[in-house]
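Working notes, structure below.
Values in this text are rule-based calculations from the coordinates and carry no lab data. Source: prediction; values computed, not measured. Neighbour counts are summed over all protein chains in view; Cβ atoms, including those assigned to glycine, are modelled from backbone coordinates with ideal geometry.
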């Protein structure tokens, strides 16, 4: 078994299954998707460790991270991606999450800033079923909506109202809400015109610019 395939197997067995990530389609997609091609050259030795990895190139306008495998795994499992689903991957970075989701869904729209979309286009050159869009993360991709699944690849402090509006009936949106160790994976579901939410478990992820609270000034 090639070394990279061994690392993927160790990731699944040692990091994901032990964290109760057991969705067969998700684990199969992760086993199919190398992480080494989505990280910076200097970080390839760390591609499979259980922590967030910076992926934005030198001089990028803002930081971007590939989420720790356990956090991504719990989020992706929570939304139960099906073969017929249209998925929006917000803050896709270099596109590892997008590649995984493309193995599971009918179509994936990946959203990020222009710098990251350029990097993702290179990393995803051989992947089908993906559309890459550069734009404002907080606004989503309304002209491609509705989506059955929306995954936000980072932490937010405010409700992602524009993204929730882009959910299809029966749609699911997942994100980490809160800063640092106080963060929790939150799942929103839409039924007709009603949307409900539930906190699932504790998790930490880097905050995404645009989804942070406005500071309050005291006088």
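Data for the structure
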{"read-out": "All positions within segment 179-205 that are under 19 Å from residue 161 (Cα atoms) and buried (at least 20 other Cβ atoms within 10 Å of the Cβ)", "value": "183, 185, 186, 188, 190"}
{"read-out": "Single residue of segment 61-78 satisfying the filter (surrounded by 24 or more Cβ atoms within 10 Å (Cβ to Cβ) and part of a loop (DSSP other than H, G, I, E, B)) that is nearest to the chain's Cα centre (by Cα)", "value": "67"}
